[in-house]
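Below is one structure; the comments refer to it alone.
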Amino acid sequence: MIIVFGIPLLMIVARSLTDPSPANYLAVIQDPVYRASLWRTIEIAAMVTVLTAIVGYPVAYVMARSGRLMSTFLLAVLMVSFWTSLLVRTFAWQAILNNTGIVNTFLLDLGVIQEPLPLARNLFAVFIGMVHILMPYAILATWASLRSIRPEVEQAAQSLGAHPLKVFLRITLPLSLPGVAAGAVLVFVLALGFYITPALLGGPQDSLISQSIVLQVQQYLHPGLASAMSVALVLLVMIVFFIATKFVGLGKILGVAGTMEESR
């Protein structure tokens, strides 16, 4: 871990302070383009997090409460999506959302629209692609939390006359919220550093922070400024992670809560 992650990170920090000077961080703070891309990144990450939690919860609930056959089938479908290359899934959304893609071609053939809808090369496409790619993290975390709820708890509430909807709202949902929160933290942190999907599906006017960092290195030839931007992004992720561990717990976020409890 030190060789693969620690040393490169220290090199980036050193580069941000010495190429040409620590003034790189002042430039990061004062640069309106960087501030706009950072704020846009946080907004997209937050929206993606909320939608993955809302859409992923019903899927996780069905996986946790269905029979073995249905649960295995849904888990297999989820894992196939999870194991498919991120690049392949992003290119698939290009084929779906482009002006000559599946959606626009279908609507044009039906006569619903007269010209292609602007579904690609914008934040809408980035949003859709990121939700699809990050959804498995939210589902798996929520599924693990739902599976840890003993069926006897829900059965006891029903035996006392509680309606199934009330059982879900008063017992199942509150007990599963730590898993939902853990999945949300994972999705949000991963969304902050996304590069390939925004680069392929987004437009040049809607660049996220990862794209701004790449531009500083490849186009503007400012590796020191790019390093400072990278350090600022890492610090933001660490702050989010630190706050989340205070409310959710490190074990829940990493999916090893049971193991940590046993070790105690």
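Observations
- Tensor-based shape of region 119-257 (alpha-carbon gyration tensor, a/c under 1.5 rounded, otherwise prolate or oblate): prolate
- In terms of surrounding Cβ atoms within a 10 Å radius of their Cβ, Y195, Y57, Y25, Y220 rank from fewest to most as Y220, Y195, Y25, Y57.
- Note on M79, M47, M229, M135: ascending count of other Cβ atoms within 10 Å places them as M79, M47, M135, M229, the fewest first.
- Normalised contact order of region 58-179, rounded percent, pairs of Cα under 8 Å and 6 or more residues apart: 26 percent
- Alpha-carbon Rg with Dmax, taken over region 21-63, Å: 17.4, 55
- Sorted by Cβ density within 10 Å, fewest first, the residues I128, I29: I29, I128
- Acute angle (nearest 10 degrees) that the helix 173-192 long axis makes with the longest principal axis of the chain, alpha-carbon atoms: 20 degrees
- Gyration tensor verdict on region 65-139 (Cα atoms; rounded if a/c is under 1.5, prolate if a/b is larger than b/c, oblate otherwise): prolate
- Extension gain, F242-Q94: 0.36 nm per intervening residue step, less the Cα-Cα distance, totals 49.7 nm.
- Phi angles of region 117-125 translate, via the Karplus equation with coefficients 6.51, -1.76, 1.60 and θ = phi - 60°, into HN-Hα couplings of 6, x, 8, 10, 6, 8, 5, 4, 5 Hz per residue; Gly and Pro are given as x.
- Only helical runs count toward this figure. For the chain, summing -39,500 (n - 2.57) over DSSP H runs of n ≥ 4 and dividing by all residues gives -24500 deg cm²/dmol at 222 nm.
- Gap separating the Cα centres of region 1-54 and region 186-204, nearest whole Å: 13 Å
- Gyration tensor (alpha-carbon) shape descriptor, region 32-185, a/c threshold 1.5: prolate
- Expressed as a whole percent, the proportion of Cα-Cα pairs in the chain lying more than 30 Å apart is 42%.
- Taking the chain and dividing mean pair separation by its residue count, relative contact order in percent (alpha carbons under 8 Å, at least six apart): 30 percent
- Applied to region 46-55, the Karplus parametrisation 6.51 cos²θ - 1.76 cosθ + 1.60 on θ = phi - 60° returns per-residue 3J(HN,Hα) values of 5, 5, 5, 4, 4, 5, 5, 5, 5, 6 Hz, with x for Gly and Pro.
- Couplings 3J(HN,Hα) of region 227-234, computed from phi: 5, 5, 5, 5, 4, 4, 5, 4 Hz, in residue order, whole Hz [Karplus 6.51 cos²θ - 1.76 cosθ + 1.60, θ = phi - 60°; x for Gly and Pro].
Readers should treat all values here as calculations from the given coordinates under stated rules, not as data from a laboratory. In this text the structure is predicted, and so the values were computed from the model without any measurement. Neighbour counts are summed over all protein chains in view; Cβ atoms, including those assigned to glycine, are modelled from backbone coordinates with ideal geometry.
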